[in-house]
């Protein structure tokens, strides 16, 4: 998504995990843990998520913190596998091209997948995540652009 704001400004928004609840339709709250106060490789945060009937929390670890370029974190959970969430930024005209992606490094167990789909009341998790990412990017865009005017 193109955002009419400089990459450093957009990075500051996506890497402030305490604001994730403002952007994400699924994650509603995060805070830094273990003495971490901001985005740096190895920092951890607690995230609380909800989707339909399902509520869960996890403790991701920041794996990339390159201001103005990329922010990524890894979420590992027994049975639920490992997923890396990534925000890539690049200059785009007078603004920033922001891309959000996820990579299932280790898939969840079939039982966890089956139960998750039922509790979330969805049939296609990938389509659901793509829709959520579009919403997240749109909210970040709105905030970044309003902050620059």
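So the values come out like this:
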item: Test: residue 89 is in a helix (DSSP H, G or I) and either surrounded by 17 or more Cβ atoms within 10 Å (Cβ to Cβ) or at pLDDT below 95 (or both); result: no
item: Lone unmet requirement of (1) in contact with a helix residue (DSSP H, G or I) (Cβ under 8 Å, 6 or more places away or on another chain); (2) under 27 Å from residue 34 (Cα atoms) for residue 116; result: (2)
item: Residues of the range 95-133 that turn out to be exposed (fewer than 13 other Cβ atoms within 10 Å of the Cβ), touching a residue at least 24 places away in the same chain (Cβ under 8 Å) and assigned to a helix (DSSP H, G or I), as a count; result: 1
item: Matching option when the condition is in contact with a helix residue (DSSP H, G or I) (Cβ under 9 Å, 6 or more places away or on another chain) and under 23 Å from residue 52 (Cβ atoms), among 68, 95, 81; result: 81
item: Residue tally, condition part of a strand (DSSP E or B) and either within 21 Å of residue 7 (Cα to Cα) or without any contact (Cβ under 8 Å) to a residue 60 or more places away in the chain (or both), over the range 38-72; result: 20
item: Of the criteria (1) in contact with a strand residue (DSSP E or B) (Cβ under 8 Å, 6 or more places away or on another chain); (2) surrounded by 15 or more Cβ atoms within 10 Å (Cβ to Cβ); (3) at pLDDT 90 or above, which one residue 143 fails; result: (1)
item: Single match in 75, 29 (criterion: surrounded by fewer than 17 Cβ atoms within 10 Å (Cβ to Cβ), under 16 Å from the mean Cα position of the chain (by Cα) and assigned to a strand (DSSP E or B)); result: 29
item: Only listed residue being farther than 22 Å from residue 4 by Cα and in contact with a helix residue (DSSP H, G or I) (Cβ under 8 Å, 6 or more places away or on another chain), chosen from 107, 121, 139; result: 107
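The values are calculated or read from the model by the stated rules, or taken from the named source; none is laboratory data. The shown structure was predicted, so the numbers you read here are calculated from the model rather than taken from an experiment. Here the Cβ is made from the backbone with ideal geometry for all residues, glycine too, and neighbour counts use every protein chain on show.
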